[in-house]
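First comes the structure, then the notes that go with it.
Each reported figure results from applying straightforward, stated rules to the coordinates on display, with no laboratory input. Everything numeric here is computed off the predicted structure, so don't read it as measured data. Here the Cβ is made from the backbone with ideal geometry for all residues, glycine too, and neighbour counts use every protein chain on show.
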Amino acid sequence: MTSTPSGDPDFLAGLEGLESVDRYKISGKLGQGGNAIVYLGIDPYIGRKVALKISQPNSDNKRQKFFVEAQSAGRLNHPNIVSIYDAGTYDSYCYITMEHIKGDTLEKHCHPDTLLPMQRSVEIIFAICQALDYAHNQKVIHRDIKPSNIMLDENGSPKLTDFGVAQITEHTSETGLWGTPSYMSPEAMKEEALGSYSDIFSLGCVLYELLSGRQAFSGENNFTIMYKITNSDPTPLSELRPDLPPILEEIVNKAIAKDFTERYQSCLDLAYDLRVALRGLTDNVVTGKAKDVLDLVHNVPFFHNFSREQLSELVNDSTLIKVHKGKTIVAEGDIDDAFFVILSGTALIRKGNTNIATIGGGECFGEMACIAGQARVAAVLAETDCVLMKINATLIDRSSESIQLLFFKNFATTLVKRLSPKG
C-alpha cells in the first residue's frame with residue numbers, strides 16, 4: 001500500500017531542522033507523511049508563502065517517484081486543485097513548491113459531532129467533481145481521493161491536494177496497490193487497470209463519510225477492509241441518517257457500486273445528479289442555475305474556444321438533460337431545430353437498424369437540423385447514461401455575432417472530423 005505510511009523515522013530525522021532549501025526559507029513545519037516533510041516556506045523573490053514538500057531519496061527510482069506529484073498536478077490549472085509552482089533538487093534534497101492552503105482538511109468534518117450541513121457537504125463534493133473531471137480530461141487519475149486530501153481554504157473553497165500517487169494515463173502504470181485502503185476501489189484492490197471510475201468510487205466513499213460521520217468501509221486491518229470493499233455493502237445511509245433525502249443515498253450507492261460499469265461513468269455525470277440533489281436542499285433554484293451549469297460545461301471540448309463570459313450568455317437559455325442508457329435522445333425523422341452537446345457519456349448514431357457511429361463527451365450532434373431545419377436523418381440513442389446540453393437555433397440566432405461565428409466554426413470542425421477517413 002502507498003500514500004499513508006508513517007514513514008521511516010530515521011529517514012525523516014534527516015529532514016528535520018532545515019532552515020532553507022534552494023532559495024526557499026523555511027519558517028515552520030506543516031506536516032509529514034511517507035518519506036517527505038511539508039514545511040511552510042517563503043519565496044524571498046516575491047514574498048509569497050508556499051508549502052514546501054521535501055524529500056531526500058536515496059535512489060534514482062525514488063527520486064523519480066517523488067516528482068510524480070509535480071508532473072501530474074503541475075499540468076493542471078483549476079481553482080479547486082492545489083497549484084504547483086516549482087520543483088527541483090538542491091544538494092541531496094528534492095522539493096516541490098506548491099500553493100499554501102491555510103485551512104483544515106475534510107477529516108475534521110467526518111465525525112458524527114462535527115458534520116457539516118447536508119447542503120454544504122454536497123456542494124463540496126460537487127466542486128471536487130468539477131476538479132476531477134478537469135484532471136481526468138487532462139489524463140490524470142488521482143488514485144488517492146480521501147478526506148485528508150481535500151482541504152477547505154479560508155474562504156471555504158475546497159482544494160484537491162496530494163497527487164503523489166497519481167497516474168498520467170498516457171504513461172505506463174507501475175503495478176501494485178495504490179491509495180488508502182478504506183477508499184480504494186474494488187478494481188484497485190485487484191490490481192486491475194484504473195480509470196476515472198476509480199476516483200469516482202473513492203469520492204463516493206468520501207461523500208458517504210461526510211453525510212454519516214463514519215467510513216463506508218472500515219476494519220481492524222487492511223485485509224478486513226479489502227474483503228468488505230470487494231464483497232459487502234456499507235450500512236445504508238438511510239439507517240444512519242433517516243433525515244437524508246433518498247436521492248443522496250441513491251447517488252452514493254451508484255458512485256460506490258462494486259462493478260465499475262454500474263458506477264457513474266464520469267465525474268460530470270455524478271456532478272449532474274449532485275446538482276439535482278442540491279435543488280432539493282436549497283430554495284436558490286433560479287440564481288444558482290447559471291453558475292452550476294457554467295461550472296459543468298466550461299471544460300467541455302466543444303466549448304474550448306468560448307470565453308467564460310460567452311458561455312454565460314448561453315447558459316440561462318439552454319437546457320441540461322440526462323438520458324438513461326438505452327433511451328432514445330432523438331428519433332430518425334424528427335423535425336426540430338435543436339442540437340446537442342454531449343457533456344458526459346457515449347451515444348450511438350443509428351440509421352435504420354444499423355449503428356453508424358459512436359460519439360462521446362465533448363462531441364455534438366444535430367447541427368444540420370439546427371442550421372437548416374432538416375428532419376433528423378438518423379436516430380441517436382444513449383449507449384451509457386448521458387448528460388447533454390440542448391441548444392435551440394433561436395438561441396444562436398439571438399446571440400452575439402462572435403458567439404454565432406464560434407458555433408459555426410465548431411460545427412464545421414465537427415463535420416470535417418466525421419467525414420475524414422479514419423486512420
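Past 32 Å, Cα to Cα: identify those pairs from 159/327; 108/258; 49/228; 228/325, in the order given. Cα-Cα > 32 Å for 159/327; 49/228; rest within. Cysteines in the chain lacking any other cysteine Cβ under 4.7 Å from their own Cβ: 94, 110, 205, 364, 370, 386. Sequence-ordered 3J(HN,Hα) estimates for region 394-404 from the Karplus curve with 6.51, -1.76 and 1.60 and θ = phi - 60° stand at 4, 5, 5, 4, 9, 7, 5, 4, 5, 5, 4 Hz, glycine and proline given as x. Full extension of the chain between residue 243 and residue 397 gives 50.8 nm of extra length, using 0.36 nm per residue less the Cα-Cα distance.
How high is the FRET efficiency between residue 408 and residue 354 when r is their beta carbon distance and R₀ equals 35 Å, given to the nearest 0.05?
Values: r = 29 Å, r/R0 = 0.84.
Efficiency computed from Cβ-Cβ geometry: 0.75.
With the highest mean first, a sort of the peptides 318-327, 254-263, 272-281 on other beta-carbon atoms found within 10 angstrom per residue produces 272-281, 254-263, 318-327.
Approximating the spin labels as points 7 Å out from Cα along Cα→Cβ, the residue 416-to-residue 233 distance works out to 5.0 nm.
Between residue 336 and residue 191, the contour length at 0.36 nm per residue exceeds the Cα-Cα span by 47.4 nm. Sequentially through region 237-244, phi angles give Karplus couplings (6.51, -1.76, 1.60; θ = phi - 60°) of 4, 5, 6, 7, 9, x, 7, 6 Hz, Gly and Pro residues having no value and appearing as x.
Using C-alpha pairs under 8 Å with a sequence gap of at least 6, the mean separation divided by the residue count of region 314-419 gives a relative contact order of 37 percent. Amide H to amide H, with H built 1.01 Å from N, residue 346 comes under 5 Å of 383, 384, counting only residues 5 or more places away or on other chains. How would you classify region 24-144 from its alpha-carbon gyration tensor, with a ≥ b ≥ c the square roots of the eigenvalues: rounded for a/c under 1.5, else prolate if a/b is greater than b/c, otherwise oblate? In terms of gyration-tensor shape, prolate.
Sorted from fewest to most neighbouring beta carbons within 10 Å, what does the list 233, 60, 153 look like?
Numbers: 233 13, 60 8, 153 16.
If I rank by nearby Cβ atoms, fewest first, I get 60, 233, 153.
Its convex hull of Cα atoms gives region 104-282 a direction-averaged projected area, equal to a quarter of the hull surface, of 9.9 nm².
Over the chain, what is the mean sequence separation of C-alpha contacts under 8 Å (at least six apart), divided by residue count, expressed as relative contact order in percent?
Values: 786 pairs, mean separation 45.4, N = 423.
With pairs under 8 Å counted, the relative contact order is 11 percent.
Projecting label points 7 angstrom from Cα along Cα→Cβ for residue 321 and residue 223 puts them 5.3 nm apart.
Taking amide hydrogens as placed 1.01 Å from N in the peptide plane, the amide H of residue 32 sits under 5 Å from those of 38, each at least 5 positions away in sequence or on another chain. For residue 133, neighbours were defined as the other residues whose beta-carbon sits under 12 Å from its Cβ, and their charges (Lys and Arg +1, Asp and Glu -1) total -3.
Restricted to Cα atoms, region 314-419 shows a radius of gyration and a Dmax of 13.2, 40 angstrom. Straight-distance candidates among the aspartates and glutamates for linking to residue 146, with alpha-carbon spacing under 18 Å and chain neighbours fewer than 8 residues away dropped: 69, 104, 107, 123, 133, 162, 187, 199, 209. In the chain, helices alone account for a calculated mean residue ellipticity at 222 nm of -10500 deg cm²/dmol, with every DSSP H run of four or more residues adding -39,500 (n - 2.57).
The mean of 1/r over all pairs of different alpha-carbon atoms in region 14-79, once inverted, gives a Kirkwood hydrodynamic radius of 13.0 Å.
Amide H contacts for residue 25 (H built 1.01 Å from N in the peptide plane; partners 5 or more residues away or on another chain; cut-off under 5 Å): 42.
Three principal axis extents of region 213-333 based on alpha-carbon atoms, in descending order, are 53, 36, 30 Å.
Against the 2.2 N^0.38 Å scaling, with N counting residues, where does the chain land? I'd like the Cα-based Rg ratio to two decimal places.
On the way: Rg = 23.4 Å, N = 423, 2.2 N^0.38 = 21.9 Å.
Its radius of gyration relative to the 2.2 N^0.38 Å reference: 1.07.
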